[in-house]
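Presented below is the structure to which this report refers.
Each value in this text was obtained by applying a stated rule to the coordinates, not by laboratory testing. Keep in mind that this is a model prediction, so the values were computed, not measured. Here the Cβ is made from the backbone with ideal geometry for all residues, glycine too, and neighbour counts use every protein chain on show.
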């Protein structure tokens, strides 16, 4: 019922949002007499803010059409390397000219994006920074409400199986980078491949801001998952997809609930951000206006998670800690990180991360005891929060160069 009410509310808000957009243009367009009236800027700014608060945000585009290699602009073409019901493996193909033909041998990167409410485009800045030096692939997860019920369920074990399939498709010279939530299934996938002595093991695995062991410095997110009994999540946040979507009757954790949870973690920050946006519109500070729009176009675009996957994650990762306890079995095989011997490990945490607490990602080193110390590295990025680990100035200037050098050393 809640999902239906949300859809009704969205349909009711859509005309209001469109009206607010048109009203904003009436008070801002140089061709409108209203734009020359007193308080026109304030009226235009208020209507613009109302429009953005009420509009629906669709899945954004990556929009990565070019990169620059050795001062040469190189075109980028998105290709679908592997298509699965719940995920598409995207390849950012660099159209290298003859002068740069040798760069075709650049390290191959598999970026495993989170399936935790936002689209893979949240990692746009991550991919953009890596394109000049690497051949980049990324997991583009599908909104569960768009996956027909006939495709079957999608569990955390299936996520692990997808990662293994993608690594095998790209291996054995691929380097895997996982951001936030996928650090757990990626570590499981590489553990299982190591146990099976898979010849297509990756060269390295870089894990950024993930919940390997949430018992270390638990955050507000971890505390909620631990405080509520498992049945509470099953009975209160899982809903069936309404009939107007391809995934009709599929059980999901709706993206709008996830988004509400994100906002509730820092409501003052978001209120201040929107107020600053209003003031920037009034002042005509277009750089800050565009920065706000880019961030919230991404932040407000959310997808539904398959119920099985979400509930598995709550139980296995946050409540029972099966990975660090050594009690996690995938398709009857125990996940044994101690079997990993040849894959280099780099863990990265943000000092100010309020989603994955300090030490939670670094815990991977305590589990991967068979990896030589010479192939292990850890970085705590000072002054960096969760999103700053993979986007923004500190990502580009402080974190990415170390990842690039680590990958080169592990090739």
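With neighbour counts taken as other beta-carbon atoms within 10 Å, the residues 173, 287 rank, fewest first, as 287, 173.
In plain terms, the bigger the Kirkwood radius, the slower the diffusion; for the stretch 307-385, with that radius from Cα pairs, at 20 °C and 1.002 mPa s, Stokes-Einstein puts D at 152 µm²/s. DSSP beta bridges fully contained in the chain are about 50 percent antiparallel. Annotation: the residues 159, 36, sorted from fewest to most other C-beta atoms within 10 Å of their own C-beta, follow the order 36, 159. Set against the 2.2 N^0.38 Å expectation for a compact globular protein, the stretch 102-152 has a Cα radius of gyration ratio of 1.45. Extension gain, residue 197-residue 327: 0.36 nm per intervening residue step, less the Cα-Cα distance, totals 44.7 nm.
For the stretch 89-235, go through all pairs of different Cα atoms, get the mean of 1/r, take its inverse, and jot down that Kirkwood value in Å. Taking every pair of different Cα atoms in the stretch 89-235, averaging 1/r and inverting gives 17.0 Å.
Compactness of the stretch 271-411 was expressed as the Cα radius of gyration divided by 2.2 N^0.38 Å, which yields 1.37. Largest first and in whole Å, the equivalent-ellipsoid semi-axes of the stretch 1-160 read 39, 28, 10, each the square root of five times a Cα gyration tensor eigenvalue.
Hey, what angle do you get for helix 400-410 against the long axis of the chain, alpha-carbon based, 0 to 90 degrees rounded to 10? Helix 400-410 sits roughly 20 degrees off the main axis of the chain.
By the count of neighbouring beta-carbon atoms within 10 Å, fewest first, 256, 92 end up ordered 256, 92. Net length available on complete extension from residue 295 to residue 105 is 65.0 nm, with 0.36 nm assigned per residue and the Cα-Cα distance removed.
Once the Cα atoms are used to define both axes, helix 255-265 deviates from the longest principal axis of the chain by about 90 degrees.
The modelled label-to-label distance between residue 243 and residue 82, using points 7 Å beyond Cα along the C-beta direction, is 3.8 nm. Thinking of the stretch 249-348 as a set of Cα atoms, what percent of all their pairs are more than 16 Å apart? Considering the stretch 249-348, 74 percent of its Cα-Cα pairs are separated by more than 16 Å. Note on the stretch 33-116: Rg/Rh from Cα positions, Kirkwood definition for Rh, rounded to two decimals, is 1.23.
Taken over the stretch 362-406, the alpha-carbon convex hull comes to 81 cubic angstrom per residue. Between the helical axis of 40-54 and the longest alpha-carbon principal axis of the chain there is an angle of about 40 degrees. Computing FRET efficiency as 1/(1 + (r/R0)^6) for residue 382 and residue 65, where r is the C-beta to C-beta distance and R0 is 30 Å, gives about 0.35. For the chain, dividing the convex hull volume of the Cα atoms by the residue count gives 155 Å³ per residue. In vacuum, with every alpha carbon of the stretch 240-281 counted as one equal point scatterer, what does the Debye formula give for log10 I(q)/I(0) at q = 0.28, 0.29 Å⁻¹? Two decimals, please. Log10 I(q)/I(0), no solvent term: -0.91, -0.94.
The convex hull defined by the C-alpha atoms of the stretch 149-284 has an orientation-averaged projected area of 13.3 nm². Given their separation in residues at 0.36 nm each and the Cα-Cα distance between them, residue 93 and residue 320 gain 77.7 nm when the chain is fully extended. With both residues required to sit in the stretch 310-411, DSSP beta bridges show an antiparallel share near 25%.
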